[in-house]
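Written out below as structure tokens is the structure these notes cover.
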Amino acid sequence: MQMTSVQALITILAIAVGTQFTRWLPFWLFPEKKDPPAVVLYLGKVLPPAMMGLLTVYCFKNVSWLSGTHGAPELLASAAVVGLHLWKRNVLFSIAGGTALYMVLVQAVFA
Amino acid sequence: MEEHETIVKNRSAALRAAFPATIPVMTGYLCLGAAFGILLRTAGYGIGWSIAMSMICYCGSMQFVGVSLLTAAFDPFQALLMSVMVNARHAFYGLSMLEKYRGTGPVRPVLICTLTDETFSLVSTLEPPEGVARRDFYFWISLLDYLYWQVGCTLGNAVGGLLTFDTTGLDFTLTALFIVLLLEQVKKKENRAAGIIGMVCTAASLAVFGPDNFLIPAMILLLAVLLGGRKKLCK
């Protein structure tokens, strides 16, 4: 520990306040009792699929496409997830299958 | 009395419906939480700090950034600013949940406080089964996810060094979870364009700005495209 306990606690609280601010902001701007404007309702509809696209790509941010394994374990495991899911439509099965394959790939095949 | 019994029965039904949905998050959070706990310990912060930070902050990736902030010079304003920047995407989650979280009464603050990436991905994609109140279903998902994170962080900090099983790659559960939920989202035809826009905007921003600074530009680009294409996307 390089900070004093009080400094560390203040830093942690600052992080928490910043996080909670981002989570509460939309609910403050558009309170429950009033109907939000149409454009906000529109965003509420299109943002879930769009943000899921963002989060998926976000998970690949540290993959080095030009060196090392060229993202092969990530791409193969992702393809397995998609394949399994289109086949069985069972969320847990798709995730478990893809993750197991990924673990084998990074621990044994591309290690 | 009878009415009370039905409510209790429905609440436990909500828990039973919510739990299986959260299993992927459980795996991911136990892994990533443990990784955080270990990292915080190597930075010189023991179990008390680990519990305090994961309970108060509960913000995955920002907690990792927080470890480096805790080992740097004391600058709470920078910590606050970084936290807002790294977590800015949460505001989009709130926007998406305005309608679904309407009328959830006393649990609403809990739902809002605990709206992480993974919880958002579940509550925005899943609907409660028949006979289960939306409020209870989302409450249990949010609470279970929160608890998994606490257990993961605490175990990692306490006994992380003792682990002998090679967990390399187990955190792929969260990537797989997002892929599966993206597939579930775009199963509906009207969601397809938005899902693709989300991926393309993020990938373009990642290519231009690199892995450390792409999130905010990606969100701005995404918002611009979604607003610009409103007429087309509304069809």
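The values are calculated or read from the model by the stated rules, or taken from the named source; none is laboratory data. These numbers were taken from a predicted model, which means no experiment stands behind them. Cβ: placed from backbone, ideal geometry, glycine included. Neighbour counts: every protein chain shown. Heavy atoms of the whole protein, side chains included, go into the accessibility calculation; ligands, DNA and RNA do not. Shrake-Rupley method; radii C 1.70, N 1.55, O 1.52, S 1.80 Å.
Counting Cα-Cα pairs of the protein assembly as shown in 10 Å increments starting at 0 gives whole-percent bin shares of 5, 23, 34, 27, 9, 1, 0. The calculated FRET efficiency for the pair B:R16 and B:A73, based on their C-beta separation and a Förster distance of 45 Å, comes to about 0.35. Between their Cα atoms, which of B:K100/B:K189; A:K45/B:K231; A:K61/B:K231; B:K187/B:K231; A:K88/B:K100; A:K61/B:K232 are more than 25 Å away from each other? Listed pairs above 25 Å: A:K61/B:K231; A:K88/B:K100; A:K61/B:K232. Helices in the protein assembly as shown, meaning DSSP H runs of at least 4 residues, each add -39500 (n - 2.57). Divided by all residues, the mean residue ellipticity at 222 nm is -24000 deg cm²/dmol. Compute the separation of the alpha-carbon centres of segment A:1-79 and segment B:166-183 and state it in Å as a whole number. What the calculation gives is 16 Å, centre to centre.
3J(HN,Hα) along segment B:132-139: 10, 5, 3, 4, 5, 4, 5, 4 Hz, from the Karplus curve 6.51 cos²θ - 1.76 cosθ + 1.60 with θ = phi - 60°, whole Hz, x for Gly and Pro.
For chain A, the gyration tensor built on C-alpha atoms gives an oblate shape. Its axis ratio a/c (a ≥ b ≥ c) is at least 1.5, and a/b is not larger than b/c. A P(r) calculated from all alpha carbon pairs of segment B:1-104, with 5 Å bins opening at zero, reads 2, 10, 14, 15, 17, 13, 11, 8, 5, 3, 1, 0 percent.
B:V208 exposes around 110 Å² of accessible area when a 1.4 Å probe is run over every protein chain in place.
Surface exposure of chain A, expressed per residue as accessible area with a 1.4 Å probe, stands at 50 Å². Calculate I(q)/I(0) for chain B by the Debye formula, one identical point scatterer on each C-alpha and no solvent, and give its log10 at q = 0.10, 0.11, 0.16 Å⁻¹ to two decimals. Those come out to -0.55, -0.66, -1.30, one per q.
Where the centroid of each part is defined by its Cα atoms, how far is segment B:34-57 from segment B:187-222 in Å? Between the Cα centre of segment B:34-57 and that of segment B:187-222, the gap is 32 Å. Which one of A:L43, B:L126, A:A8 has its Cα pushed farthest toward the positive end of the charge dipole of the protein assembly as shown, where Lys and Arg give +1 and Asp and Glu give -1 at the Cβ? Sorting the options by dipole projection puts first A:L43. Listed peptides B:177-186, A:29-38 appear in the order B:177-186, A:29-38 once ranked by packing, highest mean of other Cβ atoms within 10 Å at the front.
Applying 1/(1 + (r/R0)^6) with R0 = 22 Å to the Cβ-Cβ distance of B:A43 and B:L162 gives a FRET efficiency near 0.75. Enclosing the Cα atoms of segment B:188-235 in their convex hull gives a volume equal to 59 cubic angstrom per residue.
Rounded to the nearest 100, the interface formed by chains B and A buries 7300 square angstrom of accessible surface, both chains summed, with a 1.4 Å probe.
When the solvent-accessible area of segment B:188-235 is split by element, carbon and sulfur atoms take up 67 percent of it, the probe being 1.4 Å.
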